[in-house]
Amino acid sequence: MTIQTRSHVRANGPRSYSTSKYATYVFLFVCLGYFLLPLLWLFIASTKTNAGLFNSFGFWFAKDFNLAQNLKDVFTYQNSAFVGWMKNTFVYDTTAAVGSSLIYALSGYAFAQYRFAGRNLLFGIVLASVFVPGTVFAVPLYLLISKTGLSGSLLAVILPALVSPFGVYLMRIYAEQAIPQDLIDAARMDGAGEFRIFATIAFRLLMPGYVTVLLFAFVGAWNNYFLPLLVLSRSEVYPVTVGLAYWNSLAGQLSAVQILYPLVITGSVIGTLPVMFLFIFLQRFWENGLAFGSIK
């Protein structure tokens, strides 16, 4: 009886494993389709005319392949307003992402390495702030920015994006795991100052975590819509998110400019490309972080 049971288990083992493997593949393909279908629709829609958007199947190309004309119209409509919006977005996002991620790295390193009065209380406040939606701060930030006279400028969008409690929390957790205390103590015994230790030793060890928060900050700044909508009043300083929404509102209000619908869709495709390229370019740093985590 025992021998038969073991042979029965051996016979059914590979089949059970194969079924589980195929179920996993099906689940992953469903998830992949869920995330890629909106992008597929967006790309297909960017090749259509205004009439093709409403008179053809959404997930297939129309008879008139209009991508080249749509791209030309996006970059030339309203005296190349889209080009200015993309420039504003790059300036805003690059400044906000690099500046905020550096602040996160410094703050997380300080919380992880130093013991000071009120450390746990301050980090508790940071941790509690993670659960507060960002839109809650939009109106108070608008009132504060209007009082300082920065309303209408790119600084009104950059400065609030420099601080995020989630980035501080993430870098503190990563710094505790990535930086050996013995290495820091050895550097101090050799006479290195605290800033030199951070710049030449700690920051290199924090690089995978830094790239992670950099990507989070860049994507968050790139997708930021509500705050720029509140603090910016001139279309010349709009980021691409608010600019495309402005075109979309014009297309919905005036039937004479419904041509803007293809331009909004094509502009959205262009707007997603920098984020995709950034993820691909920085992927190797994420892989290093995963390898680091696997041996901890």
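The values are calculated or read from the model by the stated rules, or taken from the named source; none is laboratory data. Here the structure is a predicted model, which is why all the values come from computation and not from measurement. Using ideal geometry, Cβ is built from the backbone for each residue, glycine included, and neighbour counts are taken over all protein chains shown. Surface accessibility is based on the protein's heavy atoms, side chains included, excluding ligands, DNA and RNA. Shrake-Rupley method; radii C 1.70, N 1.55, O 1.52, S 1.80 Å.
Tabulated data
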read-out: Filtered residue count, segment 45-61, keeping only those that are open to solvent by less than 80 Å² (accessible area, probe 1.4 Å), over 18 Å from L244 (Cβ atoms) and in a helix (DSSP H, G or I); value: 2
read-out: Count of residues meeting criterion [farther than 20 Å from I103 by Cβ and open to solvent by 50 Å² or more (accessible area, probe 1.4 Å)] in segment 141-162; value: 6
read-out: Criterion (loosely packed, with under 14 Cβ neighbours inside 10 Å, of a type in the set (S, T, N, Q) and either touching a Cys at 6+ places or on another chain (Cβ under 7 Å) or at pLDDT below 90 (or both)) met by exactly one of N248, N224, N288; value: N288
read-out: Residue within segment 212-227 that is more than 23 Å from I125 (Cβ to Cβ) and among the hydroxyl-bearing types (S, T, Y) present; value: yes
read-out: Every residue from segment 251-268 that is modelled with pLDDT of 60 or more, in a helix (DSSP H, G or I), open to solvent by 30 Å² or more (accessible area, probe 1.4 Å) and of a type outside the set (F, W, Y); value: G252, Q253, S268
read-out: Filter result for Y114 (surrounded by fewer than 18 Cβ atoms within 10 Å (Cβ to Cβ) and farther than 25 Å from F216 by Cβ); value: no
read-out: Qualifying residue in segment 118-136 (condition: surrounded by 15 or more Cβ atoms within 10 Å (Cβ to Cβ), of a type in the set (S, T, N, Q) and not in a loop (DSSP other than H, G, I, E, B)); value: yes
read-out: Hits in segment 163-190 - residues which are open to solvent by 40 Å² or more (accessible area, probe 1.4 Å), over 28 Å from P133 (Cα atoms) and in a loop (DSSP other than H, G, I, E, B); value: P180, D190
read-out: Segment 147-163 residues that are farther than 15 Å from K87 by Cα, paired with ones that are open to solvent by 60 Å² or more (accessible area, probe 1.4 Å) (beta carbon under 7 Å, 6 or more apart); value: G152/S233; G152/R234; L162/I103; V163/I103
read-out: Pairs with Cβ under 7 Å, 6+ apart, first in segment 86-104 and within 23 Å of Y169 (Cβ to Cβ), second of a type in the set (F, W, Y) and modelled with pLDDT under 95; value: D93/F218; D93/W222; A97/F218; S101/Y210
read-out: Failed item, numbered, when A112 is tested on (1) under 27 Å from V242 (Cα atoms); (2) in a helix (DSSP H, G or I); value: (1)
read-out: Residue within segment 227-238 that is among the aliphatic types (A, V, I, L, M), outside any loop (DSSP other than H, G, I, E, B), within 29 Å of Q283 (Cα to Cα) and at pLDDT 90 or above present; value: no
read-out: Total residues in segment 126-148, condition modelled with pLDDT under 85 and among the small types (G, A, S); value: 2
read-out: Among the residues listed as T95, T76, the single one being within 24 Å of E236 (Cα to Cα), exposed (fewer than 14 other Cβ atoms within 10 Å of the Cβ) and at pLDDT below 95; value: T76
read-out: Candidate set: segment 105-134, residues that are in contact (Cβ under 8 Å) with a residue 24 or more places away in the chain and among the polar types (S, T, N, Q); chosen: the one farthest from A161 (Cα to Cα); value: Q113
